[in-house]
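Enquirer: Have a look at this one.
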Amino acid sequence: MNDTNRVVNRLLLALVGVACLLASGLAVLLLVSPQAREQWTSVSRSIVHALDAAFGRPLWPSTTLSPAALGALAFALVLVVLLAELVLRAGRGSTSTVVTAAGDDGSTEVAADVASALLRNRLQSVPGVAGVDVSAYRVRREPALRLTVRCRRGASPRIVADAVEEAVALLDSALGVRLPVFAQLVGGFRARLRPAVRIETSTRAARPS
């Protein structure tokens, strides 16, 4: 629920994971196999000679800049720009305001902490609820709440879902607007058997089917 592209995030994580697995596998292989160490030494020497030849060939006689060095620099710059864009976009989308009402004398804003406190106070006393986490985001430029309810083992997801729906209905009544809510039940044996990761404009997303 932020501006970061999920495909890019997962692709980056997958690439980092594969690289770590390959590096660890290679390290183990070099430790346990003398033949692998000899082969690695031979291959690494060939790679070093090839890089020396590539980076040692200048663009023109009066310079030490090689085409390989220029290409490596361009690739590094592109990589830095992409990583900077990913870092700057990560986490965006969160908001501290859930309601903004404009009037003749100005505007009134309701902080996300108010909605969070109302939901926490309502749900923490529900049997089977171990904890409540509330955060606010902007989805398609509209405020929305992400509600995560941690259930105790053996808690009934039906009872907790009904309590969540009632709490959000009271919140909508108190705020005077209907906020989209992404409700998720986690923890607890029976709650764990039922996925509840869906987003809608009401708390029906928290109700198990």
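Enquirer: Given the conditions (1) closer than 13 Å to L145 by Cβ; (2) surrounded by 20 or more Cβ atoms within 10 Å (Cβ to Cβ); (3) at pLDDT below 85, and given that A191 satisfies all but one, which numbered condition is not satisfied?
Expert: (1)
Enquirer: Any residue at all in the range 147-162 that's under 16 Å from V98 (Cβ atoms), in a strand (DSSP E or B) and of a type outside the set (V, I, T)?
Expert: So in the range 147-162, the residues under 16 Å from V98 (Cβ atoms) come out as 147.
Subset that is in a strand (DSSP E or B): 147.
Adding the requirement that they be of a type outside the set (V, I, T) leaves 147.
Among the residues of the range 147-162, at least one is under 16 Å from V98 (Cβ atoms), in a strand (DSSP E or B) and of a type outside the set (V, I, T), which makes the answer yes.
For (1) modelled with pLDDT of 85 or more; (2) touching a helix residue (DSSP H, G or I) at 6+ places or on another chain (Cβ under 7 Å), each residue gets a yes or a no:
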| position | (1), (2) |
| --- | --- |
| N2 | no, no |
| R6 | no, no |
| L11 | no, no |
| A14 | yes, no |
| L31 | yes, no |
| F55 | no, yes |
| T64 | no, no |
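Conditions tested, residue by residue: (1) within 19 Å of T95 (Cβ to Cβ); (2) out of contact with any Asp or Glu (no Cβ under 8 Å at 6 or more places or on another chain); (3) surrounded by fewer than 20 Cβ atoms within 10 Å (Cβ to Cβ).
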position	(1), (2), (3)
R120	yes, yes, yes
L123	no, yes, no
R140	yes, yes, yes
R153	no, yes, yes
V160	no, yes, no
V168	yes, yes, no
R178	yes, no, yes
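Enquirer: Let me ask another. Determine which single condition W40 fails, assuming it passes every other condition in (1) within 28 Å of L11 (Cβ to Cβ); (2) open to solvent by 90 Å² or more (accessible area, probe 1.4 Å).
Expert: (1)
The values are calculated or read from the model by the stated rules, or taken from the named source; none is laboratory data. Fair warning: this is a prediction, and the values are worked out from it, not measured in the lab. With ideal geometry, Cβ positions are generated from the backbone for all residues, glycine too; neighbour counts draw on all protein chains shown. Only protein heavy atoms, including side chains, enter the accessible area calculation; ligands, DNA and RNA are left aside. Shrake-Rupley method; radii C 1.70, N 1.55, O 1.52, S 1.80 Å.
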